[in-house]
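This report refers to the structure that appears directly beneath it.
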Amino acid sequence: MTIKEKIPHYSLFINGEFIEGEKKESIESINPHTGKVWATFSAANDVDVNRAISIAKRSMEKGKWADMLPSMRGKLLFTLADLIEKHASFLGEIETKDSGKLLVETATQTKYVADYYRYYAGLADKIEGATLPIDKPDMHVFTTCEPIGVVAAIVPWNAQMFLTATKLAPALAAGCATIIKASEIAPCALLYFGRLIKEAGFPDGVVSIITGDAKNCAVPLTTHPDIDRIAFTGGPETAKQIIINSAENFAVTTLELGGKSPIIIFEDADIDSAVNGIIAGNFGASGQSCVAGSRVIVHESIKNDVIARLIKKVNHIRVGSPTDPETHVGPLCTEKQIILIENTLKKATSQGAKIQFGGKRKQSEGYYFEPTLVDCPNESIATLEVEMFGPVMSMLSFESEEEAIDLANNSSYGLGSGVFTTNLARAHRVSKKIKAGICWINSYRAISPIAPFGGYNRSGYAREAGIQAINDYVRTKTTWINISDEPMANPFVMR
Ligand code: NAD
């Protein structure tokens, strides 16, 4: 007799409790390494959403959270950061089984996520208003920053712990209550994270973590009249729906969206360093990154050299199990991505592109795709336009600096960008002209809680991380005090 392995189940976290959704519906989570179900999780519907929001709203109006001093909110965030660090390996293991991302990456990233909570913990008691030098002698006028209200934080599957931190940490520092909507793909680590919220000592209901599909969960959440802010990370098509949804509640909205980021390699670059940069930008996280540098723009004179060195390195890239510490490229999260890549590559080759290496699904039970280089003869090749979320880089060549900048800016997106050059003046000149929210010079994919992150155009308009992100979670109140002994004068004349 075979003993059936018990499949773990992850519940919704509402009002400090782990509960099943009102409909008691579960969704299966597929391990992308095996293509088989490894866990189940509860799905929330509008009843669950409404409950989470009404508890969050109440917690902002009266009780422990409403009365909590900012310095105490900071202390709770520091405690939460310590707990995340302590549980980073375990959370990483869950995320790896759920999303297929490499364990070395998920465990390390989760550990670093703790620093985002620490950064905003330190800001909690530094959110200041101002006394205004008002132009009326009998008035004392000051501003105070109030928490904006109940936040809906919507995250995609590709880095749920991290993308939650960039929203939840400033929201809690500012005193907001937050409903986190985990993606219905790979939400298990985030649902588990509820335990740490509870253990850190946040009052029940201040943070709820739910998941479910768009119709039953995400739409009721983002259209609800008691949501004051929507912090969204995901694709541009979903973002359009978010904007429409926010017309129902006038919630202030931030959008962090996709990308098709350029990396320019000039003829004076350190070529080995640049090759490492384009590998990091395209094959790191199996290419499943919003800042993937998937449009590589290389000076004509060094193109063959770049390709030759790239091929040499790619021959040593190990594609395999995400739990093996020797693996460089793991599986993609869903089969849908593989189908999108296959179709886009088919179109690209019919347009005249040449696949230099890769280009095929790996024959295994999981969702593996080979690291791929597409050599593009012109700018209209499909792989230069479609965000594929996989290990596929497309290469174009240029002759002049001006042409490189034009090629880099020929995109509806504008999230990341990279420039490899040893010429300092050129580095400054080019980074100034690139239309993207982030520019890495002789580097790629570096992030920090201290550095703002966000895009232009179809990549959205939010800036997460950094000091100013706290302003997304507060609103200003202006208080006017009449300091004269005079009563109100003529009520029909504005003072
Ligand atoms: P997605 O847009 O399909 O889903 C994101 C979230 O939106 C999910 O939680 C989903 O349930 C929810 N959603 C779906 N329909 C909705 C609706 N009508 N109303 C409200 N919410 C809805 O994105 P995905 O496929 O999970 O993630 C990949 C995308 O995320 C890529 O485009 C990637 O570039 C982007 N991304 C951006 C960043 C960034 O910081 N800019 C970071 C990571 C990922």
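The values are calculated or read from the model by the stated rules, or taken from the named source; none is laboratory data. Being a predicted model, the structure only gives us computed values, none of them experimental. Cβ atoms come from the backbone with ideal geometry, glycine included; neighbour counts cover every protein chain shown. Please note that ligands, DNA and RNA were not included when accessible areas were found on the heavy atoms of the full protein model with its side chains. Shrake-Rupley method; radii C 1.70, N 1.55, O 1.52, S 1.80 Å.
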Scoring only Lys, Arg, Asp and Glu (+1, +1, -1, -1) among other residues with Cβ under 12 Å from the Cβ of Asp406 yields -3
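Quick check on the range 262-441: of the DSSP beta bridges with both residues there, what percent are antiparallel, nearest 5%?
Details: 4 of 23 bridges.
If I count the DSSP bridges inside the range 262-441, around 15 percent turn out antiparallel.
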Between helix 70-86 and the chain, what is the angle of the helix's C-alpha long axis to the longest principal axis, kept within 0 to 90° and rounded to the nearest 10? 30
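Of all beta bridges DSSP finds with both residues in the chain, what is the antiparallel percent, to the nearest 5? Walk me through the numbers on the way to the answer.
Details: 27 of 67 bridges.
The antiparallel fraction comes to roughly 40 percent.
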List, in order, the whole-Hz ³J(HN,Hα) value for each residue of the range 437-446 obtained from phi through the Karplus relation with A = 6.51, B = -1.76, C = 1.60 and θ = phi - 60°; use x for Gly and Pro. x, 9, 9, 9, 9, 6, 6, 7, 6, 8
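Using a 1.4 angstrom probe with every protein chain in place, what is the largest-first accessible-area order of Lys198, Lys23? If you can, show how the numbers build up before the last one.
Values: Lys198 95, Lys23 130 Å².
In descending accessible area the options line up as Lys23, Lys198.
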Length gain on complete extension for the stretch Glu237 to Glu20, per 0.36 nm per residue less the alpha carbon to alpha carbon distance? 75.1 nm
Quarter of Cα convex hull surface for the range 261-344, i.e. mean projection, nm²: 6.2
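How much of the accessible area of the chain, probe 1.4 Å, is carbon plus sulfur, in whole percent?
Details: 11720 of 21750 Å².
Solvent-exposed carbon and sulfur of the chain make up 54 percent of the total.
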Angle in degrees between helix 46-61 and the longest Cα principal axis of the chain, rounded to the nearest 10: 50
I'd like to check one number: the per residue accessible area of the range 54-93, probe 1.4 Å, reported in Å² as a whole number. 56
Sort Ser417, Ser484 by heavy-atom solvent-accessible area, probe 1.4 angstrom, most to least. Ser484, Ser417
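Heavy-atom accessible area per residue, the range 262-441, 1.4 Å probe: how many Å²? Please report the intermediate quantities before stating the final value.
On the way: 7440 Å² over 180 residues.
With all protein chains present, the range 262-441 gives 41 Å² per residue.
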Mean projection area, nm², convex hull over Cα of the range 206-319: 10.4
Under 5 Å between amide H atoms, partner at least 5 residues away or on a different chain: which partners does Ala39 have, H built in plane at 1.01 Å? Ser29
Per-residue HN-Hα couplings for the range 467-474, Karplus 6.51 cos²θ - 1.76 cosθ + 1.60 at θ = phi - 60°, whole Hz, x for Gly and Pro? 4, 5, 5, 5, 5, 5, 10, 10
Take Phe90, Phe142 and sort them by solvent-accessible surface of the protein heavy atoms, 1.4 Å probe, largest at the top. Phe90, Phe142
Here the averaged projected area of the chain, based on the convex hull of its alpha-carbon atoms and given in nm², is 28.2
Whole-percent pair-distance distribution, where bins are 10 Å wide, for the alpha carbons of the range 262-441: 10, 40, 36, 12, 1, 0
Just the accessible area for Arg318, please: 1.4 Å probe, Å², rounded to the nearest 10? 120
For Phe142, what is the net charge nearby, where nearby means another residue's Cβ is under 11 Å from its Cβ and Lys, Arg count +1, Asp, Glu -1? 0
Under a cut-off of 16 Å between alpha-carbon atoms, report the aspartates and glutamates in cross-link reach of Lys477, not counting same-chain residues fewer than 8 places apart. Glu128, Glu146, Asp228
From the Cα centre of the range 186-210 to that of the range 35-59, the distance in Å is 11
With all protein chains modelled, accessible area of Val206 [1.4 Å, Å²]: 0
Treating the angle as unsigned and between 0 and 90°, give the value, to the nearest 10°, between the Cα long axis of helix 271-282 and the longest Cα principal axis of the chain. 60
